[in-house]
Each structure stands twice: as structure tokens, then as C-alpha cells.
Amino acid sequence: MEQQNKEDILILAIESSCDETAASVVKNGREVLSNIIYSQIALHTKYGGVVPEIASRKHIEKINQVIESALEEAETPLEKMSAIAVTYGPGLVGALLVGVAEAKAISFASGIPLVGVHHISGHISANYIEHQELEPPFICLVASGGHSHLVVVKDYGEYEIIGRTRDDAAGEAFDKVARAIGLGYPGGPKIDKLSRQGNPDAIPFPRAKVAENEYDFSFSGLKSAVLNYLNGCRMKGEEIRQADVAASFQKAVIDVLVEHSLHAVKEFGFDKFAIAGGVASNSSLREAFAQECAKNGIAFYHPSPIYCTDNAAMIGVAGYYEFMKGVRHGYDLNAVPNLKLS
């Protein structure tokens, strides 16, 4: 999509869908002028996961500071903004409401247009930040704590979901297995790190296929297999090698994600593939995709880890393309915790 006028389009973006309070200023859809993230991981670690009430309260406490910091880092005053973009779903309803209310208040007070953004569209759009040459159409795997989607990106902001998880999302499985083997929260980075010391072929965990849709995922059976293996070891008094369990589990997840994704790219006739979401920062997953895409002559795109986890820069990018299409939201914009992508 070409720039419609010579003036720069500046988007102030706000993200508060889970446990990161984030704000960013994005210029012309591809250039990040600031990206401020206040993470609550330390707060939630002692509970073994995100506590929605705590997340909402901390968002309220931090959101003004985060926005002020984003404008300051971008060295651009609020009056210069072309639009305010905000995540309005999916996510935790209380957390989303903080960001939406803040964006509406700023828009109302300043007269700057309001643009609601889908959180998953933001994750996909994170790929545009560091890959200026990337344009739709392509296929993207979105893998995070709450989502495992295979998406055909038809155009900016235009998507078709061709595969999704039937039960646990990939990131959710990582968190649950990490807790089971005693690593704690957040599970993804800890399993990724520990797996480096383990044998990924030590334990033959299952790779699930969904009969009705070859692109769908299922990770609950794998999670159960890990729990059964751990219980079996404890009952027999056998030693549990944490690193081998982590590596074998991680390989089982990666094998399925890579197989389904590459199958979709070939079947749909694309030569471009991207990954997005928190699980996309997993080093072994990135390596596996890089190898398979190279073997098959497919261009592989992935955001830097800072743009894989929740951030506002990705919301600013997605918001830019919505704004350029003429999307504007009224002050009746509300949080939609189970907002559908397509």
C-alpha cells in the first residue's frame, strides 16, 4: 500500500491485552520511533501464571507513564499524531479495557482519530518492521500462549485462518509442561534454554494429527504424554532428566508446527512464510524453520524476539494499515476478549 500523501503518518499505539503495558510511536507503518514495554512477569511468576486482576491494576498504574515515555523517546508531541491505535481484543477483558479506555480518552481530548486493532493482526504485522521488502500475500504461523493459528495473509489486515489449535495453544503447552517439570513461569524461554542441554530424541512423545483438517493443531495429548511419563518415572523411582524431557517435548511441538506450516505453504503455492507471537522467539523453532524453508526455496521471515512478545510497535504497524484503509472507530469501541480474526 503506497503512502497517500507526502506528510508522514504517525501512529501512537497502545497495547495492554495481557501482562505487558506498552506504547509505541510508529512512522509510516514501518519505522519504529519508540517502543516502551513495562513487563509484569516478575509480579506473576510467584503465582505460576498471569493473574488477571493484578494485571489490570498494574496497567492502570503504569499506562500514562508508558505513553509519556513513548512520546518522549520518539521526540514527537501528541499533537503530531495522525491516529491513536489500540488493541481491543482478543485478550484479558480487564486488561484490554484499560488500554481501550486510555486510547478513547486521549482521542476524545485531542480530536485525534481512534483505530482499534486486532491483537493477532498486530503479531503478524510485527514482521513488517524489520523486513521492509515483505508484502502480502504470504502464510504466517502465529504461535503464542493463547493462539496457534496458520493464517493466509491476503492483504494488509485481511486474513483467512486455515489452521488452528483444537485445544491447548503451543505457548500454553510450554507453560504447563515447564510447570510439571519444575521450571516455573514463563515456561517457553526456560524450556528453550534447558533443551540445549538435553537429547531431543530421548523420549518418543507423540505428534498429533487432526483428521478433519490437515492444518489444525492439537497439543493436549502431547502435554498428557509428558505428564504420564513424569508420573511413571516417579512411581518407578526412576530419575527424571529434566533437560531430556524439555528437549523431547520441544522437538515434538516444533516438528508439528514445521510440518503443518510447510505443507500449507506448498499446497497454497506461496514462496513466502513468516512466524509471529511469543513462541516465534524460540531459538530451536526459528532454526528448524530456517533450515526447512532454505531446503524448499521459501523466503523465511521472523521478527526479533522483542517484537515476538506483546509490544505496541506491532499494534502501531497494524494500526497504520487500518488507518490508511480509512478505518476509524467511535467512542463506543469496547474490549472484545474473544475477538475473531476472520
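The values are calculated or read from the model by the stated rules, or taken from the named source; none is laboratory data. All values reported here derive from a predicted model rather than from experimental measurement. Note that each Cβ is placed from the backbone with ideal geometry, even for glycine, and that neighbours are counted across all protein chains shown.
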Of a type in the set (Asp, Glu), at pLDDT below 95 and under 30 Å from Pro137 (Cα atoms): which single residue out of Asp216, Asp175 fits that description? Asp216
Looking for something assigned to a loop (DSSP other than H, G, I, E, B), buried (at least 21 other Cβ atoms within 10 Å of the Cβ) and under 22 Å from the mean Cα position of the chain (by Cα) - is there at least one such residue anywhere in region 54-68? no
Kindly establish whether Glu31 is surrounded by 21 or more Cβ atoms within 10 Å (Cβ to Cβ) and closer than 15 Å to Tyr307 by Cβ. no
Might you let me know whether region 253-272 holds any residue that is more than 23 Å from Ile162 (Cβ to Cβ), among the hydrophobic types (A, V, I, L, M, F, W, C), buried (at least 22 other Cβ atoms within 10 Å of the Cβ) and touching a helix residue (DSSP H, G or I) at 6+ places or on another chain (Cβ under 7 Å)? no
Are any of the residues in region 303-310 in contact (Cβ under 8 Å) with a residue 40 or more places away in the chain, aliphatic (A, V, I, L, M), at negative phi and crowded, with 16+ Cβ neighbours inside 10 Å? no
Can you give me the ranges of the helices (runs of 4 or more DSSP H) entirely in region 134-253 with at least 3 residues that are over 13 Å from Val279 (Cβ atoms) and among the hydrophobic types (A, V, I, L, M, F, W, C)? 220-236
Checked region 187-200 for anything surrounded by fewer than 22 Cβ atoms within 10 Å (Cβ to Cβ) and either closer than 16 Å to His44 by Cα or modelled with pLDDT under 90 (or both); matches are Pro189, Lys190
Residues of region 101-122 being crowded, with 22+ Cβ neighbours inside 10 Å and farther than 23 Å from Glu267 by Cβ, which ones? Glu102, Ala103, Ser107, Leu114, Val115, Gly116, Val117, His118, His119, Ser121, Gly122
Look through region 69-93, keep the residues that are surrounded by fewer than 18 Cβ atoms within 10 Å (Cβ to Cβ) and closer than 18 Å to Asp310 by Cα, and return whichever of them is nearest to the chain's Cα centre (by Cα). Val93
When you check Gln291 against the structure, is it crowded, with 20+ Cβ neighbours inside 10 Å, among the polar types (S, T, N, Q) and not assigned by TED's automatic domain parsing to the domain that holds Arg30, yes or no? no
Pairs with Cβ under 7 Å, 6+ apart, first in region 156-169 and within 30 Å of Asn28 (Cβ to Cβ), second among the basic types (Lys, Arg): Gly157/Lys325; Glu160/Lys154
In region 195-234, residues that are among the β-branched types (Val, Ile, Thr) and within 16 Å of Val177 (Cα to Cα) total 2
Quick one: is Lys251 closer than 22 Å to Ala280 by Cβ and in contact (Cβ under 8 Å) with a residue 24 or more places away in the chain? yes
For the structure I just gave you, tell me whether His302 is in contact with a Leu (Cβ under 8 Å, 6 or more places away or on another chain) and not acidic (Asp, Glu). no
Which residues, counting only those in region 301-342, are under 17 Å from the mean Cα position of the chain (by Cα), over 30 Å from Gln291 (Cβ atoms) and not in a loop (DSSP other than H, G, I, E, B)? Ile315, Gly316, Gly319
With a cut-off of at least 3 residues that are closer than 15 Å to Leu12 by Cα, touching a Leu at 6+ places or on another chain (Cβ under 9 Å) and not β-branched (Val, Ile, Thr), name the helices (runs of 4 or more DSSP H) lying wholly within region 90-132. 93-110
